[in-house]
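The values are calculated or read from the model by the stated rules, or taken from the named source; none is laboratory data. Quick caveat, the model's predicted, so the values are computed rather than measured. Every residue, glycine among them, receives a Cβ derived from its backbone with ideal geometry; neighbour counts consider all protein chains shown.
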Amino acid sequence: MHLFEAIIDANHRAVAGDNSAGLHPADFADALPVIALTCIDPRLNPLFPNALALPAEDFIWLRNAGNIITGTLSSTTRSLALACAVKGGREIAIIGHTDCQVAKTTTTMLLEKLRALGVERSQLPENVSDFFGTFGSERQNVIKACDFARTSPLIGPKIPVHGLMIDVATGKLDWVVNGYEALPANTLAQMPATQFASIGDLGSCKDFEMGEMKFPEMKIGDAASPESSAPPAVVPPPPKIATLPPLKIPGKMAVPPPIKPRPTFAAGYQDQPPRR
């Protein structure tokens, strides 16, 4: 089981009332720390990193309005890349949330709100929607952000990029994009060219002419004739896709108690100081 598969499993069991639900972060040391991009909504403050059952030192939290990524080279993508390269982040999770106010704000509404703050339309870029990355569906926004992050040249193909949704009322996490199942953007480029010999160079397609095609001089039905001496076509085996190695867990190490996600995540919850 991979890290975020274990996180979501523990989260669902905790939300369902299982007091034994939890996570052993030491079992997933090779996948930590985690980088999470979420919205700036204050209702998320008490949910993280509790909903992930991770200690604070294994959680790198990036936030912007609407957890929006506007391009493969955007400032948010740059921050994700630096969090990986400088802070050692191993996996990225882009986490949207229910009842997002950004999703409920149309471009017209946004212009009116900006005008009320003294920002005139003439001061804004021509395409306001693209500039601010406004959206109408929280899930589609997460999918779009994951696509930008996965295809960004700033983020290496070794970094899984996940998309999740969290319910602000219960703290329940759900998959939107499973980064373990999504192939890296340059998978085809890394595979041997001989496996794609029949495809040819895509750049030469514009120079192709029908007159250059050569067809075998044979009548229809000859290929199925028992007298035909042509050898059967050899179908090459499908290319092998590398799979992740199984997670190795030391058998004789003392296992620490699991970190348990809180079973309820009511809005407005505030952490209480430990009792002595």
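Key figures
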item: Wholly within region 25-139, helices (runs of 4 or more DSSP H) carrying at least 2 residues that are in contact (Cβ under 8 Å) with a residue 60 or more places away in the chain and touching a strand residue (DSSP E or B) at 6+ places or on another chain (Cβ under 9 Å); result: 75-85
item: The listed residue being of a type outside the set (S, T, N, Q), modelled with pLDDT of 95 or more and out of contact with any Asp or Glu (no Cβ under 9 Å at 6 or more places or on another chain), out of Ala197, Ala169, Ala149; result: Ala149
item: Meets criteria (in contact (Cβ under 8 Å) with a residue 24 or more places away in the chain, exposed (fewer than 14 other Cβ atoms within 10 Å of the Cβ), acidic (Asp, Glu) and at negative phi) for Asp167; result: no
item: Filter result for the condition that a residue is of a type in the set (Gly, Ala, Ser) and closer than 15 Å to Met165 by Cα, over Ala116, Ala51, Ala56, Ala83; result: Ala51
item: Residues within region 3-49 that are surrounded by 17 or more Cβ atoms within 10 Å (Cβ to Cβ) and either within 15 Å of the chain's Cα centre (by Cα) or among the β-branched types (Val, Ile, Thr) (or both), tallied; result: 11
